[in-house]
Amino acid sequence: MGYCSGRGTLIFICGMQLVCVLERQIFDFLGYQWAPILANFVHIIIVILGLFGTIQYRPRYITGYAVWLVLWVTWNVFVICFYLEAGDLSKETDLILTFNISMHRSWWMENGPGCTVTSVTPAPDWAPEDHRYITVSGCLLEYQYIEVAHSSLQIVLALAGFIYACYVVKCITEEEDSFDFIGGFDSYGYQGPQKTSHLQLQPMYMSK
């Protein structure tokens, strides 16, 4: 195959996506955020397939990667709306990100820059026995903005990946079409004109 100028950039974008989503996956595991964990896992698999398709000139893999990026942007927009409490969403009462399995919040809620965690005793009656009741103060940056920054970065990378994925698919497809055109004569068994001899060979007899 020929050289496609966008392949190197797309490989770089895929690499950045893998690094960023793996970092995000670690903190989602620490915060028991099961819905983001599942979404991150699927994203990692699709990005690896997209990276493979880019390296091996497989447009179908790259196309699937581009389609997934649309869904990935939609998911991250929802996460942003969730933490900014757009509409009827509430980050304090809704347990969507944990599938209503637990009352855990983002890991950054207690471990953000400058945050001071204070245990409250006695705990309220409604608090589960296996959970502690705390107050968080002094944070230099609230945890919801950290989560919004993570999602915003994923959206930027996804948009860049989508643009370059479409370009690379177009580039590979055009190259394949040009190769088919050049090799078209062979596919029809074309052979050049051959010279034929019109001379008739006669046997020769030698007398002793």
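A Förster radius of 22 Å, combined with the Cβ-Cβ distance separating E174 from F52, puts the computed FRET efficiency at roughly 0.55. The length gained on full extension between T116 and S152, counted as 0.36 nm times the residue separation minus their Cα-Cα distance, comes to 10.3 nm. Here each label is just a point 7 Å from Cα along the line to Cβ, and for S5 and C81 those points are 3.8 nm apart.
One chain, two ends: V42 and L18. Fully extended at 0.36 nm per residue, the span grows by 7.5 nm beyond their Cα-Cα distance.
Under a 5 Å amide H cut-off, with hydrogens placed 1.01 Å from N, C115 pairs with L140 among residues at least 5 apart or on other chains.
On the basis of the beta-carbon distance and an R0 of 22 Å, L140 and S90 show a calculated FRET efficiency of 0.40.
Net charge dipole, segment 15-103: roughly 520 debye, given to the nearest 20, about the Cα centre with Cβ charges of +1 for Lys and Arg and -1 for Asp and Glu.
Values in this text are rule-based calculations from the coordinates and carry no lab data. Here the structure is a predicted model, which is why all the values come from computation and not from measurement. Don't worry about glycine lacking a Cβ; one is built from the backbone with ideal geometry, like all the others, and counts go over all protein chains shown.
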